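Here's the structure we're looking at; comments come further down.
The values are calculated or read from the model by the stated rules, or taken from the named source; none is laboratory data. Just so it is clear, the model here is predicted, and its values are computed rather than measured. Counting neighbours? That spans all protein chains shown, and the Cβs are built from the backbone with ideal geometry, glycine included.
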Amino acid sequence: MPVLDNSKPDSLEPPKTISSSSQCNLCGSTEYDVLSKVGKGNEPLNTVICKKCGLVWSHPFPVDPFNYYQKHYRIRYKGTFTPKKKHIFRAARAAVGRFNLLKHLLKPRWRVLEVGSGGGEFLYLLNKLGYDAFGIEPNEGYAEYARSEYRLNIQTGFLQNTQFEENSFEMVTLWHVFEHMDNPADILKKIYSFLITGGLLVIEVPNVETICQSPNNTFHTAHLYNFNQSTLSRMAELAGFAVVEKAIPGDGGNIRQVFKKNGAGPREVQGEIDGNFERIKNIVTRRTTLKHYFSHYPYSRVLNKVRQWFSEKGASNRFTSGREILDHLMEKIDRNSLSQD
Ligand SMILES: [Zn+2]
């Protein structure tokens, strides 16, 4: 198991320096343009875009991310502090899906770190399949639930103030976590420092170019940064990673990329990305509310949500614990298809 340098209780303290949001975290430019002034639920939220590379972020940051995630995030988004059965069911289905996406890359007994391990569903699955899974989760309620329900190795806290030794992991995953980081470029450098050479980094984030969200739902208070394919890849390349796989799955709402740690360290890559500012600005500003409601997206999304609610409620009621739900869903994984060497 990887060694933590700061397993003391004070590791829950937020880092002392929160990066300024007036400078682009990717290319360093201070030239930006306002992209939107409202966030989800019509809350005021100033979103800007870098004119040199197209990185999109909230300026100023609307929340103190550390305090916010530790205590409030789950309550605000799910209305609960520890996971309800229907949420476990949904997260467990997502975990099986995520595992299926990565199983061709995973090797037996790999040490995998999940940053933002939530209720622990993905880690539980990895452990059961023989991988050495480790998690970091800022929300105390979720982390404690996952430790007690599944006996998982989870550190409560933030990656920003957790130290791992070199060569601690073969894979690191960030499923819908990277957009919440206050200094994503630093996070990538940090992961680079403790991943083995040749190790893999998996990142999934919302796609700022999506057309399946209503314009008023595109920017969230909790998402400090917004990416398209180009800004996500370039940021990782600057930290020394090479892109191995990239995808915009399903309805185009998310970006998923897999990176490999090069042995040579950070490369001389330019932060600026020609044409990306114009491209994103064009897509976002042309995405009007009226156009959105003339497309099929809002209707199919509502229909899917209603269907999902009924199926999760019905299915999760059959089980008495999170462990039962996960064990049941894991039967769908074809273990013979896993790499044996
Ligand atoms: Zn920039």
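Here is a yes/no grid of residues against (1) aliphatic (A, V, I, L, M); (2) modelled with pLDDT under 95:
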| site | (1), (2) |
| --- | --- |
| G141 | no, yes |
| A146 | yes, yes |
| G157 | no, yes |
| S168 | no, no |
| I196 | yes, no |
| L200 | yes, no |
| F227 | no, no |
Looking at (1) surrounded by 14 or more Cβ atoms within 10 Å (Cβ to Cβ); (2) away from the ligand (no atom under 16 Å from the Cβ); (3) more than 19 Å from S193 (Cβ to Cβ), which is the only condition G250 fails? (1)
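Per-residue answers, yes or no, for (1) closer than 20 Å to I283 by Cβ; (2) within 16 Å of the ligand (Cβ to nearest atom):
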| position | (1), (2) |
| --- | --- |
| P184 | no, yes |
| L188 | no, yes |
| V205 | yes, no |
| V208 | yes, yes |
| I211 | yes, no |
| F219 | yes, no |
| H223 | yes, no |
| N228 | yes, yes |
Filter the stretch 63-105 down to the residues that are surrounded by 15 or more Cβ atoms within 10 Å (Cβ to Cβ) and of a type in the set (V, I, T), then identify the one that is modelled with the highest pLDDT. V96
Within 15 Å of H176 (Cβ to Cβ) and modelled with pLDDT of 90 or more: which single residue out of G119, G54 fits that description? G119
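Every residue, every condition in (1) more than 16 Å from the ligand (Cβ to nearest atom); (2) buried (at least 16 other Cβ atoms within 10 Å of the Cβ); (3) over 20 Å from the mean Cα position of the chain (by Cα); (4) modelled with pLDDT of 75 or more, yes or no:
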site	(1), (2), (3), (4)
V243	yes, no, no, yes
R256	yes, yes, no, yes
K260	yes, yes, no, yes
G271	no, yes, yes, yes
R279	no, no, yes, yes
Is it true that S117 is surrounded by fewer than 22 Cβ atoms within 10 Å (Cβ to Cβ) and either part of a loop (DSSP other than H, G, I, E, B) or not basic (K, R) (or both)? no
Of the residues in the stretch 34-59, how many are more than 22 Å from the chain's Cα centre (by Cα), within 14 Å of the ligand (Cβ to nearest atom) and within 16 Å of R287 (Cβ to Cβ)? 1
Give me a count of the residues in the stretch 193-252 that are of a type in the set (D, E) and under 25 Å from A95 (Cβ atoms). 3
